[in-house]
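Coordinate-derived values only; no laboratory data. These numbers were taken from a predicted model, which means no experiment stands behind them. Here the Cβ positions follow ideal geometry from the backbone for every residue, glycine too, while neighbour counts run over all protein chains shown.
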Amino acid sequence: MSELFKAASLARSNVKEMTPYMSARRLGGNGDVWLNANEYPTAPDFQFNERNLNRYPECQPANVILNYAAYAGVSPEEVLVCRGADESIELLIRAFCEPGKDAVMFCPPTYGMYSVSAETFGVEQKKIPSMPDWSLNIDAIRDNLQNTKLIYICSPNNPTGNIIDNKDLVQVLEMAAERALVVVDEAYIEFCPQYSVASWIANYPNLVVLRTLSKAFALAGLRCGFTLASADVIEILLKVIAPYPLSTPVATIAAQALSIEGIATMKHRVATITDNRIALSEALSELPIVEKVYPSETNYILVRFTEANKVFKALWEQGIILRDQSKQLGLTNCLRITIGTETENVRVIEAIEALC
Ligand SMILES: *Cc1c(COP(=O)(O)O)cnc(C)c1O
């Protein structure tokens, strides 16, 4: 009997076709310097000694929502908390896209989960390549709005590190008004808070902003992210979210990270990472096998090498794990390097120097 059972024959056909997202952890390796997932390099402090785990948690823990609303400068009704920005990406598709009918749009090279989530739900993907300078192709976006329900725009963009121009965002918000939600993924906004568009929510009912505690807040292992949008959009997302998305420990630790003290600590981290990014970028741009270090407003840099594959492998063998981006549209010979500690950055520089 058991030999006749084939899970794949029962799976939905689009799922059968899928290959799982190659997350940094799945890519594995025996690294001791992990610079492939844009994590913060050292662990934050937190307290947890609650004993009430016999009780279900709140769906939207009030102190987490209130702290985040105050931090982001929006009202509590405009905040949804869930299991990371990745879950926000998916909730939006589940709530707004009819499989086989509606489409999501995004602009490669960009973050991979927009595509993975759309594929999982059988929703069409409209990929509108960015311009050579990685700004949005506004005309192509306008020409492809038909049946598009969600437009994901990553700013600062992963993996290129650039900000999307405010004027372009306004154009997209206006051309999409009443037709589609414009989802600005601000996973890295703490590294350049002056570019946030969260305050625009009051003026653009079709704007959604994604945030996370995984990057500048140093809590990738916590799995906690936020969706900011008009109360009407949040209300719809609350219909499709799991009844208890955050466990009690997650809610407790998230509230601490978002306390006044927690936010001050985050800002110190950002200052350190920014200094280290400038130092790493300068050192790498001097090397002959480096063609270009792209400017970045984030905790990673994209670097074009003469032979990226050689650099990737050589560092991998020394336990330094980078992220290969060379398969992404327009990113031949590009590797993405997360900014680590000063010591880790020195190891990267020395390992690459040794190849010159
Ligand atoms: C890391 C990242 C996310 C995912 O964040 P989580 O909160 O850890 O799920 C979303 N978008 C972008 C652009 C990211 O780089």
Check whether at least one residue in the stretch 231-242 is farther than 22 Å from S75 by Cα, of a type in the set (A, V, I, L, M, F, W, C) and outside any loop (DSSP other than H, G, I, E, B), and report yes or no.
no
Only residues in the stretch 140-165 that are in contact (Cβ under 8 Å) with a residue 12 or more places away in the chain and basic (K, R) count as the first member; pair them with residues that are part of a loop (DSSP other than H, G, I, E, B) and buried (at least 21 other Cβ atoms within 10 Å of the Cβ), Cβ under 9 angstrom, at least 6 apart or cross-chain, and list the lot.
K149/C97; K149/V123; K149/A180
Residue within the stretch 93-111 that is acidic (D, E) and under 26 Å from Q194 (Cα atoms) present
no
Scanning the stretch 265-321 residue by residue, the ones that are of a type in the set (V, I, T), over 30 Å from D45 (Cα atoms) and within 24 Å of the chain's Cα centre (by Cα) total 2
Being over 22 Å from the mean Cα position of the chain (by Cα) and of a type in the set (G, A, S) is the filter; apply it to the stretch 324-356 and report the residue that is farthest from P108 (Cα to Cα).
A354
Hey, can you tell me all the residues within the stretch 200-216 that are within 15 Å of the ligand (Cβ to nearest atom), not in a strand (DSSP E or B) and not hydrophobic (A, V, I, L, M, F, W, C)?
S214, K215
Has the stretch 177-199 got any residue that is within 10 Å of the chain's Cα centre (by Cα) and either more than 16 Å from the ligand (Cβ to nearest atom) or among the polar types (S, T, N, Q) (or both)?
no
Quick one: what pairs do we get from the stretch 205-228, first residue at positive phi, second within 11 Å of the ligand (Cβ to nearest atom) and of a type in the set (G, A, S), C-beta under 7 Å, 6+ apart or different chains?
R223/G84
Looking at the structure I just gave you, is V104 buried (at least 23 other Cβ atoms within 10 Å of the Cβ), in contact (Cβ under 8 Å) with a residue 40 or more places away in the chain and either touching a Phe, Trp or Tyr at 6+ places or on another chain (Cβ under 6 Å) or of a type in the set (F, W, Y) (or both)?
no
